[in-house]
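Read-outs throughout are calculated quantities, based only on the coordinates presented, and are distinct from any laboratory measurement. All of these numbers come straight from a predicted model, not from anything done at the bench. So basically every Cβ, Gly included, is an ideal-geometry build from the backbone, and we count neighbours across all protein chains shown.
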Amino acid sequence: MTTERTVTSPGTGAKPRTRRLKTWTAFGDLGRRPSEYEILTHGLNHTTGQPPLELGPDVHGNRWLREHRDAMRLKVGDWNAFRDPDAVTYGSYVAMQDDQETYVEGLLERFDRENHDAGLPDQALDFLALTVTPCRYLAHAEQMLSAYVQQLAPTSYVATAATFQTADQLRRVQLIAYRTTQLRRTFPQRTFGTGERATWEGNPGWQPVREAVEHALVEFDWDRAVVATQLVVKPIADLLFLQQLGHELAAARATLDGLIAENLWLDAQRSRRWTGALLRFLADADPANVGVLQGHLREWASRGHAMVAAGASLLTQGGGRSSAQIADAVTEGWRELIEPVGLTVGPA
């Protein structure tokens, strides 16, 4: 909104005149018109008042926010100064993902016409059952983790970015479920659609990933949840089961699934950009924040390294690169996210 300012020339006795401010007052003295992204994102967090929720101060929700968000050790003078580098709004997100879904739907239709699945060799089918279709459990867990980061975020700028990340995970769950159904219909003698839970819960290669996810789901302090989700579980899982898995699927002749993973990796890269921007924002706000994050990361690094080693071993079943090559690529991508602000994951 705009407001008015009364201006009187000193010593003239002239009648006061009214001048409208050129910027929106909610942004302070911005000196420019806010962008569409800022207008649609600024000041939407309804949980930052006193009490946080418009309820009694001792209701469970207010006590939860005070304990798990407001009491955290991260220090920021103005949380509303953070910006998503992609400046995503609801409108731009819908348009962007509509284009992405149009592309993927075209892939599905084309490969279906070409009877792609029926020509998959047994090794590729085994690899898909081991690495791709069980990912719906992983993607759903990432969705829940992203939603928690959003729910407790101290500013609507972070909450909005996390909201779209949550939507990205839902898109991934839906695509995996769709592909699982296609494979089940083509190969009813296999366990597509029915065997993934046993793989997720029992295959040794998946257990370090599942363990990390389950520990992340009970990180309730927001700063710890951000480290567990944004700095460990999600970036490593995306590097393994989108970027690197896409390469291995192509090598295993599962071309369609490789292309889908490549498309979903675009969503993951957007997540990495706003996470990196948040790290820089926190470091600039108070250098002591880096120490807080490093302390949490030190506790989580071993789980991250275990995810890398186990996931890399799983991906070698496609018959492509060695586990060492895959693990090195994932670790490098992990470090590229966190090291620019001075964070480290230490040796494996």
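When you filter the chymotrypsin sites (Phe, Trp or Tyr not before Pro) in the stretch 220-296 for DSSP loop state and at most 13 other Cβ atoms inside 10 Å of their Cβ, you are left with F220.
To test your reading of the geometry: what angle, between 0 and 90 degrees and rounded to tens, separates the Cα axis of helix 207-216 from the longest principal axis of the chain? The answer is roughly 20 degrees. Axis of helix 288-315 versus longest Cα principal axis of the chain: the two differ by about 20°, to the nearest ten degrees.
Here each label is just a point 7 Å from Cα along the line to Cβ, and for L217 and F187 those points are 2.7 nm apart. Estimated purely from DSSP H runs of n ≥ 4, each contributing -39500 (n - 2.57), the mean residue ellipticity at 222 nm for the chain is -18500 deg cm²/dmol once divided by its residues. Positive contributions from Lys and Arg (+1) and negative ones from Asp and Glu (-1), summed over other residues with Cβ under 11 Å from the Cβ of V330, come out at -3. How tilted is helix 135-151 with respect to the longest principal axis of the chain? Cα atoms for both, answer in degrees (0 to 90, nearest 10). Tilt of helix 135-151: around 10 degrees. Averaging the Cα positions of each part gives two centres, and for the stretch 48-107 and the stretch 328-348 these lie 26 Å apart. Taking a point 7 Å out from the Cα of N115 in the direction of its Cβ, the residues of the stretch 181-215 whose backbone N falls within less than 20 Å of it are 182-190. Of K234, K75, the sequence from fewest to most neighbouring Cβ atoms within 10 angstrom is K75, K234.
Taking the stretch 123-163 and a reference point 7 angstrom along Cα→Cβ of L44, the backbone N atoms nearer than 11 Å belong to 156-163. Taking 0.36 nm per residue of separation and subtracting the Cα-Cα distance, full extension of the segment from A95 to Q325 would add 79.1 nm.
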